[in-house]
Amino acid sequence: MKNIILILLFILLPVAAFAEAPVEDRPHWSAEVKGGAFAPDIAHWATYYGERSAGQFEATLAYKILRQVEAGVAIGRIRDGGKGLAPLHSAATGTTTFGGRINYQLFPVNVFVVLRGVFSENQWVVPYVGGGWTRMYYKEEISLQPSVKGYTDGSHVRAGLQLLLDVFDERAATNMFRDYGVYHTYFFIEGQRTRAMINEVSGGLINLGGTSVLGGLLFEF
């Protein structure tokens, strides 16, 4: 009898330990990859670069403080090129700078909080809003002239809608969870507004920010 009791204890102890272990029934992190168009607030942008907007790419990583509340960081790149006037050179020198080929780059770093309107793990459409602090690194290169570079601080806000992709291919969603620990995958589209001011030599201000329309994929894990 004693031996049977010992055998039962050895069988049941692992089961009990498994039952007491915390169950990870929701995601705790999110990651985004996204891209789209950035329309700068700099006046006469099309005169400088030939287009009204520039390409923008961004990646984010956030921790879920609550299921609906996240805090994280985003790193992006905005790039355009053209010929003619150089706006940052003009701001730095106080005179209108004409030149050859211009290469303009921005590298925004955002620290943010996002509120997501998710109330069910199978919710198809999830609205969200967010915002926070921005550090904008900038660099403008023009042929045969020194480059202008630096950074300034500002802020940003964003809002969008995300569409749950799991429901369209449940087998792929199961494999993503089993192989990579991804609970949910979403497609999303968002609008973003950034403000990051720099001082001109003449005493005026230039906003290096602008308006972005972005789309991408969100992974929750």
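Only the coordinates and a few stated rules stand behind these numbers; no lab work does. No experiment lies behind these values; they were computed from the predicted model shown. Note: ideal-geometry Cβ built from the backbone for every residue, glycine included; neighbour counts use all protein chains shown.
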Spin-label pair ASP179/ILE65, simplified geometry with 7 Å Cα→Cβ offset, distance in nm: 3.5
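Are there any chymotrypsin sites (Phe, Trp or Tyr not before Pro) in the stretch 97-184 that are in a DSSP loop and have at most 16 other Cβ atoms within 10 Å? List them by number.
Loop-located and lightly packed - PHE119, TRP124.
Once you have the Cα-Cα distance between LEU217 and SER147, take 0.36 nm times their residue separation minus that, and quote the gain in nm to one decimal.
On the way: separation 70, 0.36 × 70 = 25.20 nm, distance 3.48 nm.
Full extension of this stretch gives 21.7 nm more.
Excluding LYS34 itself, calculate the net charge of residues whose Cβ lies under 10 Å from the Cβ of LYS34, where each Lys or Arg counts +1 and each Asp or Glu counts -1.
Working: positive: none; negative: GLU32, GLU58, GLU190.
Result for the neighbourhood of LYS34: -3.
Of ILE198, ILE142, how do they rank once you tally other Cβ atoms within 10 Å and put the fewest first? Each step should come with its number before you reach the end.
Numbers: ILE198 18, ILE142 22.
Fewest to most other Cβ atoms nearby, the residues stand as ILE198, ILE142.
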The long-range amide H neighbours of VAL182, using H built 1.01 Å from N in the peptide plane and a cut-off of under 5 Å, are PHE177
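Cut-off is 10 Å between beta-carbons; in what order do SER53, SER143 appear when sorted fewest neighbours first? Present the calculation step by step, with values, prior to reporting the outcome.
Numbers: SER53 19, SER143 10.
Fewest-to-most ranking of SER53, SER143: SER143, SER53.
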Enumerate the calculated ³J(HN,Hα) couplings along the stretch 110-125 in order (Karplus 6.51 cos²θ - 1.76 cosθ + 1.60, θ = phi - 60°), each rounded to whole Hz, writing x wherever the residue is Gly or Pro. 10, 10, 9, 10, 10, 10, 10, x, 9, 10, 8, 5, 10, 5, 5, 10
Using a simple spin-label model with points 7 Å from Cα along the Cα→Cβ vector, what separation in nm is obtained for ARG193 and ARG77? 2.9
TRP133 to ARG101: extension gain in nm, 0.36 nm per residue of separation minus the Cα-Cα distance? 8.3 nm
Whole-Hz ³J(HN,Hα) for each residue in the stretch 59-69, computed from phi via Karplus 6.51 cos²θ - 1.76 cosθ + 1.60 with θ = phi - 60°, x for glycine and proline: what do you get? 9, 10, 9, 9, 9, 8, 5, 10, 4, 9, 10
Additional length obtainable on full extension of the chain from VAL167 to ALA46, 0.36 nm per residue less Cα span: 39.3 nm
